[in-house]
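Participant: My questions will all concern the structure given below.
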Amino acid sequence: MKYRILFFVVLLLTSLFLVSCDKEHTDITTVNTDITSSSATEAGSDLTFRITWKDYSGRGEAIQKIVDSYNNDYSDGVTVSMVNGNEDRTEIENLLTGSSETIYVLPYRYVKYFSEKGYLMDLTSSFEAEEELFYPEIWDLGTVDDKAYGIPWLGHSMCLLYNKDLLNTAGVDPDSINSLDALLSAIELVEEKTDAQGIGLIGADSNDVSWMVNQFIYGFGSSLVSADGKTVTINNDESKSALDFYKNVLGEHAQSTWVDDTGVEVMSNFRNQSIAFEIQGIWGVTDIMKNGAPFEVGIIPMKDIGLNAEVGPMMLAIPENMSDEMKQEAIRFIRYMISTEAQEKIMNGEYSPEHDTYYPFRTPIRIDMVDSRIFQSYPDYMFFVEGFSNPSIDVPVPAWQIVKDEFYQPGLHQVMSGEISIDDFLERIETEGNAILVSK
């Protein structure tokens with residue numbers, strides 16, 4: 001009898017061991033899955049949070065801390081696992097049609113695009129109370145037909161940055177820079193009194209030239225498309241004046257290579273103090289801090305000089321095919337991510353081991369964040385939030401992305417290089433743009 005008992009004990013232990021091995025194999029398979037694909041959630045009950053950066057980057061690590069706070073203090077038994085991501089439209093589309101238990105960080109320009117395809121869930125009823133927390137212009141970027149498919153999370157808006165040392169040497173009072181004419185006068189003084197050029201400009205055939213120039217297009221009173229998004233509206237005298245001012249007026253005071261430069265080269269010139277002004281987001285300030293702070297950076301809101309600030313809000317969205325059970329958990333997570341607590345953590349920024357400090361890389365996007373403790377500690381950063389109230393929208397409708405890639409962006413470079421005239425450029429954009437808008 002005792003041998004039978006011993007046999008069954010051995011059999012039971014063997015079975016448990018095999019089950020354990022199988023479970024271990026399953027867990028390893030899950031871990032080794034390409035995390036950029038978000039194709040599976042852990043343990044079948046967790047949610048995946050796909051960001052647009054690498055999880056091991058400074059930005060990824062900063063966001064992971066916010067996710068950890070949710071998991072530790074607010075999760076209702078469902079763990080949110082953060083994974084790598086990017087802004088590749090085709091890859092995201094494949095994921096949206098496959099994986100269901102994933103919360104996505106999406107650039108605003110993708111929210112309308114994917115919602116019109118039926119890939120995103122309508123979140124209107126779940127976030128009716130939160131709409132008033134955001135500027136209407138920003139909230140609208142996540143909506144289609146008054147339905148919210150993307151909830152604003154974090155973003156950036158551009159400001160005019162200046163080198164305080166250069167302006168001081170030139171005898172320029174920054175408070176006097178309250179118009180484009182005043183900016184031009186300040187630039188001329190800097191060039192007269194120092195060895196620096198006035199302002200960093202972008203002219204290369206790149207994404208940067210589009211958002212940079214659009215700030216002037218909007219600021220001079222024009223727009224890219226009509227309110228209904230069906231007609232190109234850029235071909236007018238206001239746009240012509242904006243392009244002329246950018247190329248022929250400011251262009252005379254920019255770095256010598258500006259026609260072929262992107263924002264990267266502009267930042268380099270500003271860091272090297274060969275230009276006194278640049279138009280950048282909050283990273284333009286932290287870039288100087290990261291590089292030893294050779295000078296102090298001043299910040300002027302774009303509206304103060306009569307221009308609209310380019311904005312880039314990132315939205316939180318969930319796929320249409322998410323299960324009802326996970327939908328409620330995803331909404332719970334999104335609600336935390338836009339809370340005051342989580343928004344303040346954004347400003348804690350990414351960690352720099354070299355300097356043993358943290359640098360903000362984006363700004364909170366809620367209106368009331370300007371009254372939070374983080375902005376009380378860094379009051380100048382409030383200027384990067386003010387731009388959300390008067391934005392320059394680089395891609396106002398999904399179809400404009402095609403216009404931008406095929407005609408607008410390369411055409412702007414040709415204008416700056418002198419290959420085509422401003423008039424010919426505007427006529428081409430009107431003709432080609434309308435053809436694309438009508439076909440969509």
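The values are calculated or read from the model by the stated rules, or taken from the named source; none is laboratory data. Because the structure is predicted, anything quoted here is derived from the model rather than measured. FYI the Cβ positions are ideal-geometry reconstructions off the backbone, even for glycines, and counts take in every protein chain you see.
Participant: Might you let me know whether the stretch 97-111 holds any residue that is charged (D, E, K, R) and under 24 Å from N348 (Cα atoms)? Working first, answer last.
Facilitator: We begin by selecting, within the stretch 97-111, every residue charged (D, E, K, R); these are 101, 109.
Subsequent filtering for residues that are under 24 Å from N348 (Cα atoms) retains none.
No, the stretch 97-111 has no match at all.
Participant: Counting only residues that are over 21 Å from M158 (Cα atoms), give me the helices (runs of 4 or more DSSP H) lying completely in the stretch 215-326 with at least 2 of them. Please lay out each step first, then the result.
Facilitator: Working: elements: 237-244, 263-271, 283-290.
Hits in the stretch 215-326: 237-244.
Participant: Would you pick out the residues in the stretch 122-135 that are of a type in the set (A, V, I, L, M) and in contact with a helix residue (DSSP H, G or I) (Cβ under 7 Å, 6 or more places away or on another chain)? Walk me through how you get there before you give the answer.
Facilitator: Going residue by residue through the stretch 122-135, those that are of a type in the set (A, V, I, L, M) are 123, 129, 133.
Once the filter is applied, which keeps residues that are of a type in the set (A, V, I, L, M) and in contact with a helix residue (DSSP H, G or I) (Cβ under 7 Å, 6 or more places away or on another chain), the stretch 122-135 yields only L133.
Participant: Among E101, E87, which is the only one that is modelled with pLDDT of 50 or more, touching a helix residue (DSSP H, G or I) at 6+ places or on another chain (Cβ under 6 Å) and assigned by TED's automatic domain parsing to the domain that holds S323? Before you say what the answer is, go through the steps one by one.
Facilitator: On the way: E87 fails: touching a helix residue (DSSP H, G or I) at 6+ places or on another chain (Cβ under 6 Å).
None of the other options fit; the residue is E101.
Participant: Out of all the residues in the stretch 381-435, which are aliphatic (A, V, I, L, M), assigned by TED's automatic domain parsing to the domain that holds T286, assigned to a helix (DSSP H, G or I) and surrounded by fewer than 19 Cβ atoms within 10 Å (Cβ to Cβ)?
Facilitator: Scanning the stretch 381-435 gives I402, I422, A435.
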